Every structure is written in C-alpha cells, then in structure tokens.
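All of the numbers you see were taken from the coordinates with simple rules; none came from a lab. On a predicted model such as this, the values are computed, not experimentally measured, just so you know. Please note: Cβ atoms are built from the backbone with ideal geometry, for glycine as well, and neighbour counts cover all protein chains shown.
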Amino acid sequence: MNKVRLADIAEQVGVSTVTVHNALNGQKGVSDEVRDRIRKVADEMGYRHGGAMAKQSRDSRFRNIGVIISEKYLAEYTTFYWKMYQEMAIVATDKNCLTVVEILKHDAEDKLVMPRILGDDSIDGLVMMGEVSREYIHRMKQQYHTPVVFLDFYDKELAENAVVTDNFYGMYLLTEYLFEQGIRKMAYVGSIHATSSIMDRYCGFYRAMLQHGERVPPEWILEDRNETGELQITIPERLPEAFVCNCDLVAGIMIMRLEEQGIRVPEDISVVGFDNYLYPGFPDKRITTYEVNMRAMAKVALDKILKMIRNPGAGRGLDIVSGHIVEKDSVRLKINADI
C-alpha cells in the first residue's frame, strides 16, 4: 500500500496541508465540521494514528523548517533568493514540512542578534540562504543546537552542511564557450570577496583564461557592489571582447550601460551571466547564461536537513547541484563573426 501523505488528504478534502495537520493532531484553528470531515477522509484513505500505522504517523508528522535570508540580498531587483525560497516552500509541501522565513537585518548581523525563530524552539531545522559573516554563524552555533544547512554558500568549516550550485565548473564551461566562439579578451564582473559563489565563479573563469594563456589585466576584474549589496557597475575605458558577469542581473545592467554608450551587444561586444533568472520588472536582455537548478537545490537542502533532524550524524557532506549553459542572444557566435 502506498504511504498516505497529509498532502493527499488535504487535496481530497479541499483544504491546506496545515489544516489537515492541525485537525489530526487536535490543535486549534479548525472547526468541528472540517475536523470531522478530515478525520473521515483520513480513515477512508488508510491513514491512522497509532497501532499498525504508528510508524507512518511518526515519519509523516510535520517538520517546521526555518529559512534565514540576509537583508543585503534583498536590495532592489535582487529577488533571486525569494524565488529560491518559493521553490523550497513548494518542495516542502511534498515532504510534510512547513517553512517560515525571517529576514536577517544588517544591524542584527553586525550586532550578532540571533534570529527570533530560534528563540522559542518552534522549528526543527534551519536553512540559511545566502552568505552571512562567519562570526555570526559561530555565535549562532554556540547558542543553539538546531540542525543547520547552508544554502548557496560554504567555507571549509561549513562544507559538511552546505548545498551549492556548480559555480566553479559552470563558469569554467561558460568561459570555454566564449573561447569556442573565437573570443579571447575577457573581463570578469563581480566583487570577488563579497560571496563564496562570486569567488568560485571567478576561479572557474580564471582557470579557463590560464589554460588558454590569456592574461586578465587588473582593470578587467570589476567590482559590482558595495558592502550593503547595492549594485554599482563602472565600464572600463579599454573594453574587452566580452564581459563575464557573476549573475544575470549584473549582466543585464552591464548591457544597459553599454547601450547607453552606443555599444551594441552582441555585435560590438559579448556579455554572459549566471543563474538564468529574469528579475521581475527588469527588461529581458536575452542573456546567454549558466542555469542554476533552484528546485533541485531546494530539494537537496530539505532532504539534508530532514536527515540531520532524524539523525544528527547523517546528511553530512558538501552537495553540489549541476546546471547547464543556456544559449540566448548576448554572445556573437563564431559563425556570424565569419560572415
């Protein structure tokens, strides 16, 4: 017999999974009529509390997963992590999890003020999305023993509990793709020390440049943001043949800056990004990019945190989720260059 999930009961009754959970566990907020209907459907579908179904009840009970997102990643246009959180919330429903998000304010991170959701023991596990200071993480681990998974960043101390996209190899492949189009003189756009993701993408870019014997002048390694995450991009006086940008948002802004100066993309210069994510309200610049599989990353992170909740010694290791190159219109292809 297939395992009956709370989501299956919710779909049959026409209510939320949370309502089913509350009804079957005697919690408040559910009318007697709805509670009786849910219990009846649960019985008919073979869902039971206790007895032969005790193991199912234990295994399928809801887990509350907290998600922390740093405020510095929620500046204007920067909604990539909101999309990642939405993907996680969708996956969580199928895994009998509830997710609750808390924004880590700039001053809270600076003053080492811990997240509220850790203070009342209401969550079973925590996913920290986006990079925060190591001092903050160390203080949090000292004060709380809640299982934590770090999503989209890591370092040598956090690698055993982290999930990332293939930043290094993805950008390496994307840079190799530009070489295949006959492009050799490239600049990298991204504040290398801002996040581990930007650093890894730069390293992938630089490896490809080294392999092809190409030097990258210091003025072609461009900062793209300030300490608060606000994007600030300046075009160098001497232009390369291509700008390799650490994300699609930066690539889109770079294209707009070039167009303002009468420089055409891709006819005069090529631009690539990373993520394959179109920011709401931002014009679609048809950027050639490396797609990050956000749904897969969210699923791996949730699987990891659930394993850690059930067994603190499980789920260890750095998980790397691969993506793929998506060809669009921002690179001058070799076949066109030869015409």
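May I ask you to derive the FRET efficiency for residue 31 and residue 122 from their Cβ-Cβ distance with R0 = 25 Å, giving the value to the nearest 0.05?
After rounding, the FRET efficiency stands at 0.55.
Longer than 20 Å from Cα to Cα, which of 95/304; 40/299; 83/111 are they? Say none if no pair is.
Result: 40/299; 83/111 exceed 20 Å.
What are the principal axis extents of the Cα atoms in segment 244-306, in Å, biggest first?
Answer, in whole Å and largest first: 52, 22, 14 Å.
Which entry in (1) 20.0, 60; (2) 18.8, 57; (3) 23.6, 75 is this structure's computed Rg and Dmax of the Cα atoms in Å?
Derived directly from the coordinates: (3).
Applying 1/(1 + (r/R0)^6) with R0 = 51 Å to the Cβ-Cβ distance of residue 64 and residue 223, what FRET efficiency is obtained, to the nearest 0.05?
0.85
Which residue fluctuates most in the GNM of the chain (Cα springs below 10 Å): 81, 279, 144?
Checking each option, the largest mean-square fluctuation is seen for 144.
Given the options 31, 270, 70, which has the most mean-square fluctuation in a GNM of the chain, springs set between C-alpha atoms less than 10 angstrom apart?
The residue that fluctuates most here is 31.
Fewest first, what order do 203, 247 take by the number of other Cβ atoms within 10 Å?
So the ranking, lowest neighbour count to highest, is 203, 247.
Taking loop as defined by DSSP and a crowding limit of 12 other beta carbons within 10 Å, which chymotrypsin sites (Phe, Trp or Tyr not before Pro) in segment 254-306 fit?
Taking segment 254-306 and a limit of 12 other Cβ atoms within 10 Å, no loop chymotrypsin sites (Phe, Trp or Tyr not before Pro) are found.
Among 325, 297, 174, whose Cα sits farthest toward the positive end of the charge dipole of the chain (+1 at Cβ of Lys/Arg, -1 at Cβ of Asp/Glu, about the Cα centre)?
The residue sitting farthest along the positive end of the dipole is 297.
Please work out how much length the chain gains when fully extended from residue 45 to residue 303, using 0.36 nm per residue of separation minus the C-alpha to C-alpha distance, in nm with one decimal.
Contour length minus Cα-Cα distance gives 90.3 nm.
Any lysines with Cα under 17 Å of the residue 328 Cα? List them, leaving off those in the same chain fewer than 8 positions away.
Partners found: 285.
Hey, rough spin-label estimate for residue 211 and residue 286, points 7 angstrom out along Cα→Cβ, what's it come to in nanometres?
The two pseudo-label positions are separated by 2.9 nm.
Note down the magnitude of the dipole of the chain about its Cα centre, charges +1 on Lys and Arg C-beta and -1 on Asp and Glu C-beta and zero elsewhere, to the nearest 20 debye.
Its charge dipole is roughly 1340 debye.
For residue 327 and residue 237 in the same chain, what is the full-extension length gain: residue separation times 0.36 nm, less their Cα-Cα distance, in nm?
Net length gain for the segment: 29.6 nm.
Fewest first, what order do 234, 19 take by the number of other Cβ atoms within 10 Å?
Ascending number of Cβ neighbours within 10 Å: 234, 19.
Subtract the Cα-Cα distance of residue 94 and residue 260 from 0.36 nm times their separation in residues, and report this length gain in nm to one decimal.
55.1 nm
Within 10 Å of each residue's Cβ, count the other Cβ atoms and sort 21, 212, 145 from fewest upward.
145, 212, 21
Which whole-number percent gives the relative contact order of segment 96-229, counting Cα pairs below 8 Å spaced six or more residues apart?
After rounding, I find 19 percent.
With both partners inside the chain, how many of the DSSP beta bridges are antiparallel, as a percent to the nearest 5?
Of all bridge pairs located within the chain, approximately 10 percent are antiparallel.
Most fluctuating residue of 150, 179, 205 in a GNM of the chain with Cα springs under 10 Å: which is it?
Greatest mean-square fluctuation among the candidates belongs to 179.
Between residue 176 and residue 144, how many nm apart are label points set 7 Å from Cα along the C-beta direction?
Here the modelled spin labels are 4.1 nm apart.
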